[in-house]
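This report refers to the structure that appears directly beneath it.
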Amino acid sequence: MNGSNKTNTAAIVVGYFPEYKIVVNLLKSLSSQVDHLILVDNGGTREAYNFSQSEGLAVEYIEFEKNKGLGHALNMGFERAVSLGVKYVATFDQDSAPVAGLIANLREVHQKFEEQGVNCAAVGPVFFDRREAAKIYFPFYLEEKGRIISRMPNNCTDSYVETDALITSGMLVRADVWTGGVHYDDGLFVDYTDTEWCFRARAKGYKLFGCLRIEMGHAPSDAPPARILGLSFFRYSPLRRYYYFRNTVNFCQANYVSWAWKRRLTYGLTLRFFINFLIDKKKLRSLKMMLAGICDGFRRKSGEFIG
């Protein structure tokens, strides 16, 4: 961006063998919205970086020899971003389609809460699956009096709602939260990296807010979700099943996770175990990986899966 439009904001995009067209469009969109754009390559993303250079986009590039996981990539991106002196850092994975003005709108919400004296760590847009013909919004969740309440644009008239968690993509984070010690847990590798960070930030007294009037298209799974009994079930590879089940079990053992959330996640994991077996193509492999994930979760195992 030019000097007259400084936003004091950096954006981190983490790529892992992305869909080329999607990640290129993501970089194009963000390049005009932030001061610094950082592309972290966990594998297979150099082609997109090369294109960004041919287009004259100011993209900083961090490349690893192998996939280091989402948490490590975000931490390295934040390390670079804070060294540049920015106040806000927006995080994205490779599957999002932010519209023009997204960062400015999120930053405006942040500043509003700051003026009100609210200790807000991060805000994020409401997202919908960009692959679906109709917009189906994914809710924000907040525990209230032992119950988990969902809030979406169609059941809430507020512009902003407090939430227990936000997804990585589209999250606008105050940089001083990260410099204050709330780093990402690189041992999770992928699933729950954002959720665990959010719960830990809230445990330290920060608040998170979802913006119901600020939207972003996103692809939250390998393929459009299966819809059964009005519920969405994401389609993932057997390896991702492993990480999800391992990290859910691991997460539920943390002392900053309430009993209400532990009950909900345990119920959800049980339901997903059977639904995944029905919808996954590689059923036996998926079953094996889910069981391995459960066992490793109870062992508090972390890091990359070595099969």
Of all residues in region 135-150, which are in contact (Cβ under 8 Å) with a residue 60 or more places away in the chain, more than 22 Å from Gly170 (Cα to Cα) and out of contact with any Phe, Trp or Tyr (no Cβ under 8 Å at 6 or more places or on another chain)? Arg147
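Conditions tested, residue by residue: (1) assigned by TED's automatic domain parsing to the domain that holds Phe140; (2) in a strand (DSSP E or B); (3) more than 17 Å from His72 (Cα to Cα).
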residue	(1), (2), (3)
Trp178	yes, no, no
Tyr184	yes, no, no
Leu188	yes, no, no
Trp197	yes, no, no
Arg202	yes, no, yes
Gly205	yes, no, yes
Gly210	yes, yes, yes
Within the group Ala254, Ala226, Ala260, which residue is surrounded by 16 or more Cβ atoms within 10 Å (Cβ to Cβ) and aliphatic (A, V, I, L, M)? Ala226
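I'd like to check something: does region 180-187 contain any residue that is surrounded by fewer than 16 Cβ atoms within 10 Å (Cβ to Cβ), farther than 18 Å from Glu215 by Cβ and over 16 Å from the mean Cα position of the chain (by Cα)?
At the first step, the residues of region 180-187 found to be surrounded by fewer than 16 Cβ atoms within 10 Å (Cβ to Cβ) are 180-181.
Subsequent filtering for residues that are farther than 18 Å from Glu215 by Cβ retains 180-181.
With over 16 Å from the mean Cα position of the chain (by Cα) added as a condition, the list becomes 180-181.
Taking every residue of region 180-187 in turn, at least one turns out to be surrounded by fewer than 16 Cβ atoms within 10 Å (Cβ to Cβ), farther than 18 Å from Glu215 by Cβ and over 16 Å from the mean Cα position of the chain (by Cα).
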Sole miss for Pro220 among (1) under 30 Å from Val82 (Cβ atoms); (2) within 17 Å of the chain's Cα centre (by Cα); (3) part of a helix (DSSP H, G or I) is condition (3)
Subset of region 290-300 [buried (at least 16 other Cβ atoms within 10 Å of the Cβ) and of a type in the set (D, E, K, R)]: Asp296
Among the residues of region 53-63, are any under 26 Å from Phe189 (Cβ atoms) and either without any contact (Cβ under 8 Å) to a residue 12 or more places away in the chain or surrounded by 24 or more Cβ atoms within 10 Å (Cβ to Cβ) (or both)? no
Evaluate region 107-119: report whether one residue or more is of a type outside the set (Ser, Thr, Tyr), under 16 Å from the mean Cα position of the chain (by Cα) and surrounded by 14 or more Cβ atoms within 10 Å (Cβ to Cβ). no
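The values are calculated or read from the model by the stated rules, or taken from the named source; none is laboratory data. None of the values given here were measured: they were computed from a predicted structure. Positions of Cβ are generated from backbone atoms using ideal geometry, with glycine treated the same way; all protein chains shown enter the neighbour counts.
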